[in-house]
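Novice: Take a look at the following structure, please.
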Ligand code: PGA
């Protein structure tokens, strides 16, 4: 398969400040190269940097996304939170929802479903993360968990045009350990088959996230059902991020 139009989502988590912004100069440069014109790079910095990233990337093909949002669509008394309208207003086009680090802070499937609906109504594209913990994997519950996360997370949603699903095994995030190929293929295929059963679900892209780096990327891109990657730690260093992108493209 040709993987020219893959997604590369840089999840900066709770890292970065104003002086980190110039570190993406080389990534902006890369997107001007014809060879990479079809790839989709999405930077997801912390909320405080969204606007600066939008400004910085405005003449490039790089998109900007937030890492979470409140489930309330309307403005309201929710101290410490921001809603999908505010993200849209910042000029960002994407939002990550259901990331395991947000689930750890209390986001449950039902809340994530509300957040997805809110983000859809604000016309954002959603990167919907799912994945099993190490214990769930050990107890052979992976498919059960993925099934539930998809069922509840996408409940009563009819239009999937703006939804991307990211498979991120929790035990792989930040650990340097990635699933064995057979295991990954099996889980990605499980997700693919499940999404295919939804009306127009065949078009939903599936990303992989969890310890993606320049050493394991070749192996990962060999799995044709993967349409792109969420890169955490390695995306903070633009040299490493570029290396990952370059090695992914034929
Ligand atoms: P990692 O993070 O690449 O540092 O494992 C990925 C993620 O949390 O999305």
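Novice: As an exercise: evaluate residue 174 against (1) within 21 Å of residue 97 (Cα to Cα); (2) surrounded by fewer than 19 Cβ atoms within 10 Å (Cβ to Cβ); (3) more than 16 Å from the ligand (Cβ to nearest atom) and give the number of the one condition it does not meet.
Specialist: The one condition residue 174 does not meet is (3).
Novice: Among the residues of region 218-227, are any touching a residue at least 24 places away in the same chain (Cβ under 8 Å), at positive phi and not in a helix (DSSP H, G or I)?
Specialist: No, region 218-227 contains no residue that is touching a residue at least 24 places away in the same chain (Cβ under 8 Å), at positive phi and not in a helix (DSSP H, G or I).
Novice: Sticking with this structure for a sec: Identify, please: which residue in region 4-27 is farther than 23 Å from residue 100 by Cβ and touching a strand residue (DSSP E or B) at 6+ places or on another chain (Cβ under 9 Å) and is, among those, farthest from the ligand (Cβ to nearest atom)? So that I can check it myself, show each step before the final result.
Specialist: Step one: list which residues in region 4-27 are farther than 23 Å from residue 100 by Cβ, which gives 4-5, 17-27.
Filter once more, keeping what is touching a strand residue (DSSP E or B) at 6+ places or on another chain (Cβ under 9 Å): 5, 24, 27.
Working: 5: 20, 24: 17, 27: 16 Å.
Of everything passing the filter in region 4-27, 5 is farthest from the ligand (Cβ to nearest atom).
Novice: Now a separate question. Going through region 151-170 one residue at a time, which ones are more than 10 Å from the ligand (Cβ to nearest atom), part of a helix (DSSP H, G or I) and surrounded by 21 or more Cβ atoms within 10 Å (Cβ to Cβ)?
Specialist: 153
Novice: Still on this model: Output the number of residues of region 124-164 satisfying the condition of being in contact (Cβ under 8 Å) with a residue 24 or more places away in the chain and on the phi > 0 side of the Ramachandran plot.
Specialist: So the count comes out to 2.
Novice: Do any residues in region 98-111 that are touching a residue at least 40 places away in the same chain (Cβ under 8 Å) and under 17 Å from residue 81 (Cα atoms) have Cβ atoms under 7 Å from those of residues that are away from the ligand (no atom under 11 Å from the Cβ) and not in a helix (DSSP H, G or I), where the two are at least six apart or on different chains, and which pairs are they?
Specialist: Pairs found: 98/107; 98/128; 98/130; 111/71.
Novice: Being more than 21 Å from the chain's Cα centre (by Cα) and modelled with pLDDT under 95 is the filter here, so list the residues in region 1-31 that pass it.
Specialist: If the condition is that a residue be more than 21 Å from the chain's Cα centre (by Cα) and modelled with pLDDT under 95, then 1 is the only one that fits.
Novice: Taking the conditions exactly as written (closer than 25 Å to residue 50 by Cβ and either within 16 Å of the ligand (Cβ to nearest atom) or surrounded by fewer than 13 Cβ atoms within 10 Å (Cβ to Cβ) (or both)), does residue 128 satisfy them or not?
Specialist: Details: closer than 25 Å to residue 50 by Cβ: yes; either within 16 Å of the ligand (Cβ to nearest atom) or surrounded by fewer than 13 Cβ atoms within 10 Å (Cβ to Cβ) (or both): yes.
Answer is yes for this residue.
Novice: Within region 138-150, track down each residue that is more than 16 Å from the ligand (Cβ to nearest atom), surrounded by 14 or more Cβ atoms within 10 Å (Cβ to Cβ) and either assigned to a helix (DSSP H, G or I) or under 18 Å from the mean Cα position of the chain (by Cα) (or both).
Specialist: As a first pass, look at region 138-150 and keep what is more than 16 Å from the ligand (Cβ to nearest atom): 138-148, 150.
This time we only want the ones that are surrounded by 14 or more Cβ atoms within 10 Å (Cβ to Cβ), so: 141-143, 145-147, 150.
Once the filter is applied, which keeps residues that are more than 16 Å from the ligand (Cβ to nearest atom), surrounded by 14 or more Cβ atoms within 10 Å (Cβ to Cβ) and either assigned to a helix (DSSP H, G or I) or under 18 Å from the mean Cα position of the chain (by Cα) (or both), region 138-150 yields 142, 143, 145, 146, 147, 150.
Novice: With respect to residue 211, is the statement that it is closer than 22 Å to residue 12 by Cβ, in a helix (DSSP H, G or I) and either in contact with a strand residue (DSSP E or B) (Cβ under 8 Å, 6 or more places away or on another chain) or near the ligand (Cβ under 10 Å from one of its atoms) (or both) true? Step through it out loud before you land on a result.
Specialist: Working: closer than 22 Å to residue 12 by Cβ: yes; in a helix (DSSP H, G or I): no; either in contact with a strand residue (DSSP E or B) (Cβ under 8 Å, 6 or more places away or on another chain) or near the ligand (Cβ under 10 Å from one of its atoms) (or both): yes.
Spelling it out, it is not the case that residue 211 is closer than 22 Å to residue 12 by Cβ, in a helix (DSSP H, G or I) and either in contact with a strand residue (DSSP E or B) (Cβ under 8 Å, 6 or more places away or on another chain) or near the ligand (Cβ under 10 Å from one of its atoms) (or both).
Novice: On to the next question. Is at least one residue of region 104-118 buried (at least 16 other Cβ atoms within 10 Å of the Cβ), within 16 Å of the ligand (Cβ to nearest atom) and closer than 30 Å to residue 59 by Cβ?
Specialist: Among the residues of region 104-118, not one is buried (at least 16 other Cβ atoms within 10 Å of the Cβ), within 16 Å of the ligand (Cβ to nearest atom) and closer than 30 Å to residue 59 by Cβ, which makes the answer no.
Novice: Since residue 232 meets every condition but one in (1) within 14 Å of the ligand (Cβ to nearest atom); (2) touching a helix residue (DSSP H, G or I) at 6+ places or on another chain (Cβ under 8 Å), which condition does it not meet?
Specialist: (2)
The values are calculated or read from the model by the stated rules, or taken from the named source; none is laboratory data. Since this is a predicted model, take the numbers as computed values, not measurements. Cβ atoms come from the backbone with ideal geometry, glycine included; neighbour counts cover every protein chain shown.
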